[in-house]
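K.L.:
Below you'll find the structure I mean.
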Amino acid sequence: MEDRFGHLISYLRISVTDRCNERCGYCMPSELQEWLSRDEVMSYEEILRVTEIGARLGVRKVRITGGEPLTRRDIVPFCERLCRVAGIDDVGISTNGTLLAKVQPDGRTTAAALVDAGVRSANISLDTLDRETYRAATGRDYFDRALAGIDAALEAGFEKVKLNAVLMRNSSEEQLSGLVNFAHQRGLLLRFIELMPVSTSDVLTERNFLPVAEALRLLQAEFGAFEPRPDFKTNGPASYYAVPGRGQLVGFIGAMTNFHFCDSCNKLRLTCDGKLRPCLGSHLEFDLLAEIRRGADDEQIAAFFRHVVERKPREHEFRDNYQPGRQMVAIGG
């Protein structure tokens with residue numbers, strides 16, 4: 001599938017739940033979240049069918065997201081089935097990490113069970129190494145669980161474990177070097193991510209926005225000049241730099257300040273309530289679940305995919321006074 005601007009679509013991010021065990025302000029800034037009812041959420045069988053059709057159209061990579069995907073029952077058996085879909089070469093999961101060390105009935109950690117199921121990578125959110133800052137940011141005192149989850153992921157043997165840290169002015173500045181050192185000590189790939197206006201209109205303000213360029217300058221003041229590494233690419237839009245003297249790479253994801261951010265976009269998003277979204281930073285979404293439950297056959301669903309790809313915008317709308325329509329937890333991380 002190729003859109004009007006030459007983007008080859010090969011990556012599908014699938015949200016399996018809108019529920020989460022934390023309350024990060026940039027994702028779900030309320031204790032009064034109205035959860036979707038069970039019948040409003042796609043069943044695993046519906047997700048698998050959509051993935052199979054997507055794979056026939058050229059989707060090769062899938063990432064499972066939420067909410068917090070590990071809060072959904074039977075997520076490990078589902079991932080095992082997903083990893084067996086013909087044509088899907090890479091299945092990853094995005095998580096806050098707090099449930100990765102949880103022990104399954106068979107004695108394995110959840111992280112080990114996911115690896116055994118065939119999940120190749122884990123992206124783990126960690127914005128701070130300060131317990132109190134973590135508690136204040138997430139609304140939960142789960143800092144120890146998050147660190148245990150990172151250790152469990154490393155022990156389980158994922159092919160890739162990445163740390164994602166969202167930048168917040170007057171908070172992140174003191175965390176930057178500690179996170180870089182933490183990632184280096186554990187052999188993790190760390191990415192710093194700019195805030196995006198994806199939950200409420202006041203998530204992104206001059207008071208709390210910290211651009212990646214400023215974060216990079218602060219780090220270079222401590223570690224020395226970082227070397228750009230345009231040759232190093234992952235599936236996302238991060239720009240990577242080498243930290244001097246230690247063979248470590250750090251990524252910077254600047255959706256707001258990088259005007260080429262969308263140039264290589266290759267993804268679609270499937271929300272847990274069955275909306276297919278061609279772009280995170282656009283209100284465009286198309287009700288695929290309604291088509292499925294009306295009895296659409298596989299060719300009709302494939303045509304639906306193509307229609308959504310055809311509507312994919314050239315770039316996101318975050319810089320144009322974007323007003324969120326959904327909280328991030330309902331879109332999928």
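The values are calculated or read from the model by the stated rules, or taken from the named source; none is laboratory data. Bear in mind that the values here come from a model prediction, so they are computed numbers and not experimental data. Counting neighbours? That spans all protein chains shown, and the Cβs are built from the backbone with ideal geometry, glycine included.
K.L.:
Take Val161 and tell me if it is outside any helix (DSSP H, G or I), within 25 Å of Pro77 (Cβ to Cβ) and in contact with a Cys (Cβ under 9 Å, 6 or more places away or on another chain).
P.N.:
Numbers: outside any helix (DSSP H, G or I): yes; within 25 Å of Pro77 (Cβ to Cβ): yes; in contact with a Cys (Cβ under 9 Å, 6 or more places away or on another chain): no.
Spelling it out, it is not the case that Val161 is outside any helix (DSSP H, G or I), within 25 Å of Pro77 (Cβ to Cβ) and in contact with a Cys (Cβ under 9 Å, 6 or more places away or on another chain).
Results for (1) at pLDDT 95 or above; (2) of a type in the set (Ser, Thr, Tyr); (3) within 17 Å of the chain's Cα centre (by Cα); (4) buried (at least 21 other Cβ atoms within 10 Å of the Cβ), shown as yes or no for each residue.
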position	(1), (2), (3), (4)
Arg277	no, no, yes, yes
His283	no, no, no, no
His307	yes, no, no, no
Glu310	no, no, no, no
Glu315	no, no, no, no
Met328	no, no, yes, yes
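K.L.:
Checking Arg73 against (1) surrounded by fewer than 18 Cβ atoms within 10 Å (Cβ to Cβ); (2) in a helix (DSSP H, G or I); (3) at pLDDT 95 or above; (4) of a type outside the set (Gly, Ala, Ser): exactly one of these is not met. Which one?
P.N.:
Failed condition: (2).
K.L.:
Sticking with this structure for a sec: Looking at (1) over 16 Å from the mean Cα position of the chain (by Cα); (2) under 26 Å from Phe182 (Cα atoms), can you tell me which one Leu57 breaks?
P.N.:
Of everything listed in (1) over 16 Å from the mean Cα position of the chain (by Cα); (2) under 26 Å from Phe182 (Cα atoms), Leu57 misses just condition (2).
K.L.:
Counting just the residues of segment 51-69 that are β-branched (Val, Ile, Thr) and surrounded by 24 or more Cβ atoms within 10 Å (Cβ to Cβ), which one comes out farthest from Thr95 (Cα to Cα)?
P.N.:
The initial filter retains those residues of segment 51-69 that are β-branched (Val, Ile, Thr), namely 51, 53, 59, 62, 64-65.
Imposing the further condition that a residue be surrounded by 24 or more Cβ atoms within 10 Å (Cβ to Cβ) reduces the set to 59, 62, 64-65.
Details: Val59: 22, Val62: 14, Ile64: 9, Thr65: 7 Å.
Here the answer is Val59.
K.L.:
Scanning segment 210-230 for residues that are touching a residue at least 40 places away in the same chain (Cβ under 8 Å) and small (Gly, Ala, Ser), which turns out surrounded by the most Cβ atoms within 10 Å (Cβ to Cβ)?
P.N.:
Just the residues of segment 210-230 that are touching a residue at least 40 places away in the same chain (Cβ under 8 Å), to begin with: 210-213, 215, 218-219, 222-223.
With small (Gly, Ala, Ser) added as a condition, the list becomes 213, 215.
Values: Ala213: 13, Ala215: 23.
The residue in question is Ala215.
K.L.:
From the list Val91, Val85, pick out the single residue that is in a strand (DSSP E or B) and modelled with pLDDT of 95 or more.
P.N.:
Working: Val85 fails: in a strand (DSSP E or B).
Answer to the check: Val91.
K.L.:
Return the residues of segment 136-159 that are of a type in the set (Lys, Arg) and either within 20 Å of Phe209 (Cβ to Cβ) or at pLDDT 95 or above (or both); say none if nothing qualifies. I'd like the intermediate steps shown before the answer.
P.N.:
Residues of segment 136-159 of a type in the set (Lys, Arg): 140, 145.
Across segment 136-159, the qualifying residue is only Arg145.
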